Amino acid sequence: MLPMPGNATGRTDVLTMTSWSVPVVWEGTFNPVLLNSLYQGTSLTIAATVFAQGKYIRFLKRFLETMEQHFFTGFNVHVFVYTDQPNEVPQVKMASGRQLTVKTVPTLNRWQDISASRLFLVQALIDDELLDYADFIFCLDVDSEFHGHWGTESLGDLVGVLHPGYYKAHRSALPYERRPISKAYMAPEEGDFYYCGGAFGGNLQEVQRLCRTCIINFWDDRTKGIEAVWQEESHINRYMWINKPSKILSPEYLWQDFAAREPEIHIIRFSGVAKNYAEIRPNV
Ligand code: UD2
């Protein structure tokens, strides 16, 4: 029998609602059994994109294996892997209703370009293949592993994840793009949170709109000869300041292995593995 509604225990030690009345999802603020029951029997389909280019291909196996254990288990999931080494994509056994498609992309020589190219390719994927097929999409960094449940509580029209390094910081300390010439510029009085470039999502229309806008702004910067301080992450942060997310996920949804566990983090669902940037990136 389902428990009564209400989030049972709730949380008082963290922000669980924004000033624009949007939930911030933490362990203890939702009932996964109740939430899943709302979608059982539907054809809910989640698309996920992950890019594994150059040496980052080494992270793909653990990413996919752990995704299978924790990400929307019991639902239809279609993972799109973008790589320049299609023959190196590992075979990972997937449950019924889950599938993987490999997309071959050219090798790029700057990590900044690889990271930023994701917006173009995600937009093309939505335009060409997903609009009439999937309900939601999540765009995820490959140098990460799942450690705990990530499911229907994360669904929303536009979903941002609080960056693990900055969720306690004042807006003046957030690493937004600060040069007014950039289309990602954030003035000192602007900014709600600092969102991750490594995990974001939403419904197809909203993520399509995010990608379109950020690509236009990215190219506008490029024609002026500048690149935002954190590439597409900077543009996404500008976008989410203007277009507020309808759901925000706590840093449980993208932690960093190298960071000490904080008391408010009751579960780590997805976490970036420690890596040697100098060794793994194609350029410095
Ligand atoms: C942050 C963001 C990342 C992106 C970047 C800014 C988080 C946790 N990470 O991470 O999403 O916004 O800043 O550019 O929010 N990749 C390859 N091959 C490469 C380089 C990158 O496949 O040679 C892909 C891969 O999927 C990787 C992603 O691009 O996960 C982001 O690159 P990163 O992890 O090196 O970026 P990082 O750690 O600075």
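Once neighbouring chains are kept in place and the probe is 1.4 Å, which whole percent of the accessible area of the chain is contributed by carbon and sulfur?
So the carbon and sulfur contribution to the accessible surface is 55 percent.
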Task: Whole-number D in µm² s⁻¹ for segment 1-145, Kirkwood Cα-pair radius fed into Stokes-Einstein, 4 °C, 1.567 mPa s - done: 75
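Please give the direction-averaged projected area of the C-alpha convex hull for segment 5-61, in square nanometres with one decimal.
Details: hull surface 29.3 nm².
That works out to 7.3 nm², a quarter of the Cα hull's surface.
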Open item on the list: Along the Cα→Cβ direction, 7 angstrom out, place labels at Arg11 and Gln85. What is the inter-label distance in nm?
Closed with: 3.7
Task: Cβ-derived FRET efficiency at R0 41 Å, Ala278 paired with Trp20, nearest 0.05 - done: 0.50
Task: Positive-end extreme of charge dipole, segment 186-250 - chosen from Gly197, Ser246, Ile236 (charges on Cβ) - done: Ser246
Task: Highest average packing first - 17-26, 246-255, Cβ atoms within 10 Å - done: 246-255, 17-26
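Provide the gained length on full extension for the span Lys224 to Lys244, in nm with one decimal, where the gain is 0.36 nm per separating residue minus the Cα-Cα distance.
Result for the pair: 4.5 nm of gain on full extension.
Which percent, to the nearest 5, of DSSP beta bridges fully inside segment 85-240 are antiparallel? Please list the in-between numbers first.
Values: 9 of 10 bridges.
Taking every DSSP beta bridge within segment 85-240, about 90 percent pair in antiparallel fashion.
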- [ ] In nm, give the distance between the simple-model label positions of Asp113 and His170, each being 7 Å from the Cα along the Cα-to-Cβ direction.
- [x] 4.1
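List the equivalent ellipsoid semi-axes of segment 102-256 in whole Å, largest first, each obtained as the square root of 5λ for an eigenvalue λ of the Cα gyration tensor.
Working: eigenvalues 99, 83, 46 Å².
Output for segment 102-256: semi-axes of 22, 20, 15 Å.
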Task: Pairwise label distance in nanometres, Thr101 with His70, each label 7 Å out on the Cα-Cβ vector - done: 2.7
Task: Estimated translational D of the chain in µm²/s (Stokes, Kirkwood radius over Cα pairs; 4 °C; 1.567 mPa s) - done: 67
Task: Selected from Val22, Tyr56, Leu119, residue furthest toward positive end of dipole (segment 1-155; charges at beta carbon) - done: Tyr56
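In the chain, what percentage of the DSSP-assigned beta bridges are antiparallel, given to the nearest 5? Numbers along the way, then the final one.
Details: 13 of 42 bridges.
If I count the DSSP bridges inside the chain, around 30 percent turn out antiparallel.
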- [ ] Name the shape class, rounded, prolate or oblate, that the alpha-carbon gyration tensor gives for segment 102-148, where a ≥ b ≥ c are the square roots of its eigenvalues, rounded holds for a/c under 1.5, and otherwise prolate holds if a/b is larger than b/c and oblate otherwise.
- [x] oblate
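So how strong a dipole does the chain carry about its Cα centre when Lys and Arg Cβ are +1 and Asp and Glu Cβ are -1, to the nearest 20 debye?
Numbers: 26 positive and 32 negative charges, 73 e Å.
So the magnitude is around 340 debye.
Note down, for segment 69-178, the three equivalent ellipsoid semi-axes (square root of 5 times each alpha carbon gyration tensor eigenvalue), biggest first, whole angstrom. Numbers along the way, then the final one.
On the way: eigenvalues 130, 87, 47 Å².
Each semi-axis is √(5λ); the values are 25, 21, 15 Å.
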TODO: Starting from the amide H of Val25, placed 1.01 Å from N in the peptide plane, find each other amide H under 5 Å away whose residue is 5 or more places distant or on another chain.
DONE: Ile248, Leu249, Ser250
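Taking the Cα centre as origin and putting +1 on Lys and Arg beta-carbons and -1 on Asp and Glu beta-carbons, what dipole magnitude results for segment 129-244, to the nearest 20 debye? Display every interim value, and only then the final one.
Details: 11 positive and 18 negative charges, 122 e Å.
Roughly 580 debye, rounded to the nearest 20.
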Task: Proximal lysines relative to Lys93, as straight alpha-carbon distance under 22 Å, when same-chain residues fewer than 8 apart are discounted - done: Lys61, Lys103
Task: the chain: relative contact order in percent, alpha carbon pairs under 8 Å with at least 6 residues between - done: 22
Open item on the list: Through the Karplus equation 6.51 cos²θ - 1.76 cosθ + 1.60, θ set to phi - 60°, convert the phi angles of segment 126-136 into ³J(HN,Hα) values in whole Hz; use x for Gly and Pro.
Closed with: 5, 4, 8, 10, 9, 3, 9, 10, 9, 9, 9
Task: Within the chain, helix-based [θ] at 222 nm, where runs of 4 or more DSSP H residues each add -39,500 (n - 2.57), nearest 500 - done: -7500 deg cm²/dmol
Open item on the list: List the residues, sorted by chain then number, that are 5 or more residues from Val79 or on another chain and whose placed amide H is less than 5 Å from its amide H.
Closed with: Ala48, Gln99, Leu100, Thr101
TODO: With only alpha-carbon atoms counted, please give the Rg and Dmax of segment 210-284, in Å.
DONE: 16.0, 45
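Over 16 Å apart: what share of the alpha carbon pairs of segment 43-116 falls there, rounded to a whole percent? Let's see the in-between values first.
Working: 1298 of 2701 pairs.
Every Cα pair in segment 43-116 considered, those over 16 Å come to 48 percent.
The values are calculated or read from the model by the stated rules, or taken from the named source; none is laboratory data. Computed from a prediction, not measured in an experiment: that's the story for all the values here. When we count neighbours, we look across all protein chains shown, and the Cβ atoms used for this are built from the backbone with ideal geometry, even at glycine. Accessible surface is based on the protein model in full, side chains and every heavy atom, while ligands, DNA and RNA are left aside. Shrake-Rupley method; radii C 1.70, N 1.55, O 1.52, S 1.80 Å.
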